[in-house]
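One structure below.
Each value in this text was obtained by applying a stated rule to the coordinates, not by laboratory testing. Computed from a predicted structure; not experimentally measured. All Cβ positions, glycine included, derive from the backbone under ideal geometry; neighbour counts span all protein chains shown.
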Amino acid sequence: MPKLANSLRNWPSAAFTQTLKDEIGALESGTLPLQKGVSQGGYVDDSNLTCTVLRVTDDERTIHARVGVFFTEIVASCGCGAEPMPQNAYCEMLVSIDKASAEAQFAVLPD
């Protein structure tokens with residue numbers, strides 16, 4: 001499970017939002033469950049993803065951040081050429097950061 005230690009350290013300061021975006025962007029490829037967010041059945045290219053923080057709340061144990069993630073979906077050829085087609089893709093997910101360990105869980109939210 002990935003850890004977002006810098007984000008936890010910056011909670012609840014003004015630096016939290018930027019730190020969270022930076023840490024999500026620096027995660028190893030394949031860490032985020034983006035395959036659940038594709039719309040055309042293609043493959044995820046997360047080599048150049050960006051995210052925006054939409055809302056953040058917390059409780060005693062966890063920081064909950066709703067984030068929008070922009071990435072590329074590679075759609076297999078649809079008969080109009082031999083090359084796969086890159087498409088801009090977007091999904092929203094819930095990032096849950098454990099306040100004791102900084103471990104983060106990611107869940108794609110339904111449309």
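Taken about its Cα centre, the chain carries a charge dipole of about 240 debye when Lys and Arg each add +1 at the Cβ and Asp and Glu each add -1 at the Cβ. Contact order, relative form, for the range 5-108: 24 percent (alpha carbon pairs under 8 Å, 6 or more residues apart, mean separation divided by residue count). Compared with the dominant Cα axis of the chain, that is its longest principal axis, helix 16-25 is turned about 40°. The C-alpha radius of gyration of the range 1-50, expressed as a fraction of 2.2 N^0.38 Å, stands at 1.33.
Each residue of the range 27-42 was assigned a 3J(HN,Hα) from its phi angle through the Karplus curve 6.51 cos²θ - 1.76 cosθ + 1.60 (θ = phi - 60°); the sequence is 5, 4, 3, x, 6, 7, x, 5, 4, 6, x, 6, 10, 10, x, x Hz, with glycine and proline shown as x. Remark on the chain: hydrodynamic radius 14.7 angstrom, per the Kirkwood mean of 1/r across alpha carbon pairs. Cβ crowding within 10 Å, taken as a proxy for footprinting-reagent exposure, orders Met1, Met85 from fewest neighbours to most as Met1, Met85. For Lys21, a cut-off of 16 angstrom between C-alpha atoms picks up these aspartates and glutamates, skipping any fewer than 8 places away in its own chain: Asp46, Glu92, Glu103.
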